[in-house]
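Read the structure below first, then the notes.
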Amino acid sequence: MTKLLLSVHVLAAILAIGPIAVAASMFPRYTRTSASGDGEALQTAKVLHRICRGYTLVGIAVPVFGVATGAQLGVLTDAWLLVSIVLTAAAAALLALAVLPGQQRLLAGPEKAGAARLAMVTGVFNLLWAVVVVLMIVRPGSTTGA
């Protein structure tokens with residue numbers, strides 16, 4: 001059962017968080033371009049926003065299966081996992097409270113300064129996920145030898 005849970009957790013992370021990271025990173029560029037009147041860029045930005053919103057719902061599976069896997073492995077109290085959970089919660093909050101609303105605002109009225117701020121926030125979101133991935137691989141203090 002542990003292997004199944006871990007497999008679903010990793011697949012969900014790749015297939016849900018990956019598209020969010022890419023689409024959210026591309027979004028500011030297209031809103032900057034659409035600010036100069038490019039209608040095609042605005043349509044692309046709308047599609048990227050829909051991708052982020054849609055995959056956010058699917059992305060809920062990542063922490064759900066992660067916690068289930070951690071429970072199966074008996075590592076829910078390990079420091080590396082607790083830090084990962086906190087960073088995941090921070091990334092989720094950043095996505096829900098800053099990235100998605102920021103995209104919505106820029107779709108309503110593109111502005112270059114807003115796009116730059118959103119690009120920075122999206123970079124922090126992606127950095128949080130990168131740290132979580134490293135923690136999942138390195139597992140500081142783990143006794144499994146990995």
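Descriptive notes on the structure:
- Distance distribution note for the chain: the fraction of Cα pairs above 19 angstrom is 53%.
- Tail beyond 21 Å, pair distance distribution of the stretch 73-146 (Cα, percent): 40
- Exposure rank, largest accessible area first [Lys3, Lys46; 1.4 Å]: Lys3, Lys46
- Estimated purely from DSSP H runs of n ≥ 4, each contributing -39500 (n - 2.57), the mean residue ellipticity at 222 nm for the chain is -26000 deg cm²/dmol once divided by its residues.
- Only the Cβ atoms of Lys and Arg (+1) and of Asp and Glu (-1) were treated as charged; on that basis the dipole of the chain about its Cα centre amounts to roughly 180 debye.
- In Å², nearest 10: area of Arg50 left accessible to a 1.4 Å probe: 130
- In the chain, the longest principal axis of the Cα atoms and the axis of helix 79-94 are about 20 degrees apart.
- Computed from Cα positions, the angle between helix 112-138 and the longest principal axis of the chain comes to roughly 10 degrees.
- Where labels lie 7 Å past Cα in the beta-carbon direction, separation of Ala96 and Val64 in nm: 1.4
- Isotropically averaged projected area of the stretch 1-41, using the convex hull of Cα atoms (one quarter of hull area), nm²: 3.0
- Between Asp38 and Met1, the simple label model (points 7 Å from Cα in the Cβ direction) yields a spacing of 5.2 nm.
- Cα-based shape type of the stretch 33-112, given that a ≥ b ≥ c are square roots of the gyration tensor eigenvalues and the cut on a/c is 1.5: prolate
- Relative contact order of the stretch 24-116, pairs being alpha-carbon contacts under 8 Å that are 6 or more residues apart, as %: 45
The values are calculated or read from the model by the stated rules, or taken from the named source; none is laboratory data. These figures come from a predicted structure and were not determined experimentally. We place every Cβ from the backbone using ideal geometry, glycine too, and count neighbours over all the protein chains shown. To get the accessible areas, we keep the full protein, side chains included, count just its heavy atoms, and leave off ligands, DNA and RNA. Shrake-Rupley method; radii C 1.70, N 1.55, O 1.52, S 1.80 Å.
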